[in-house]
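To keep things clear, I will list the structure first and then write my remarks on it.
The values are calculated or read from the model by the stated rules, or taken from the named source; none is laboratory data. Remember, predicted model here, so these are calculated numbers, not experimental data. So basically every Cβ, Gly included, is an ideal-geometry build from the backbone, and we count neighbours across all protein chains shown. Each accessible area value is taken on the protein alone, full model and side chains, heavy atoms only, with ligands, DNA and RNA left out. Shrake-Rupley method; radii C 1.70, N 1.55, O 1.52, S 1.80 Å.
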Amino acid sequence: VDAFQAWCGPCKTVVDLFRKIRNEVGSDFLHFAVAEVDSIDALEEYRGKCEPVFLFYTGGELVTVVRGANAPLLQKTILEQL
């Protein structure tokens, strides 16, 4: 989940990376979503910073968080979580 704030906007720099990885591994295993933290109370802790935050869930449970648009780290984390 790309957690963003309306005044900062979703992280567009990693969209191509997400598409590439999803095409490689298939859509059955990997789902991407965006969430505006200003409108979701459960994501309140991610408000107030102009930095992209990527939340990784497995079976409905948060398993890891990556802060910042670090494409190599995101790719590594996605592949590790799969």
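Within 23 Å of Leu82 (Cα to Cα), among the acidic types (Asp, Glu) and more than 13 Å from the chain's Cα centre (by Cα): is that true of Asp41 in this structure?
Against the criterion (within 23 Å of Leu82 (Cα to Cα), among the acidic types (Asp, Glu) and more than 13 Å from the chain's Cα centre (by Cα)), Asp41 does not qualify.
Consider the range 47-68. How many of its residues are over 12 Å from the mean Cα position of the chain (by Cα) and under 14 Å from Phe4 (Cβ atoms)?
Total meeting the criteria: 4.
Going through Val34, Val1, Val14, Val53 one at a time, which residue ends up being within 20 Å of Ala71 (Cβ to Cβ), modelled with pLDDT under 80 and in contact with a strand residue (DSSP E or B) (Cβ under 8 Å, 6 or more places away or on another chain)?
After applying the criteria, what remains is Val14.
So the check is Cβ under 9 Å with 6+ separation or different chains; which pairs have a first residue in the range 52-67 that's within 21 Å of Glu36 (Cβ to Cβ) and free of Cβ contacts under 8 Å to residues at least 60 places away in the same chain and a second one that's open to solvent by 80 Å² or more (accessible area, probe 1.4 Å) and among the hydroxyl-bearing types (Ser, Thr, Tyr)?
What qualifies is Pro52/Thr13.
Of all the strands (runs of 3 or more DSSP E) wholly in the chain, which have at least 2 residues that are open to solvent by 50 Å² or more (accessible area, probe 1.4 Å)?
34-36, 53-58, 61-67
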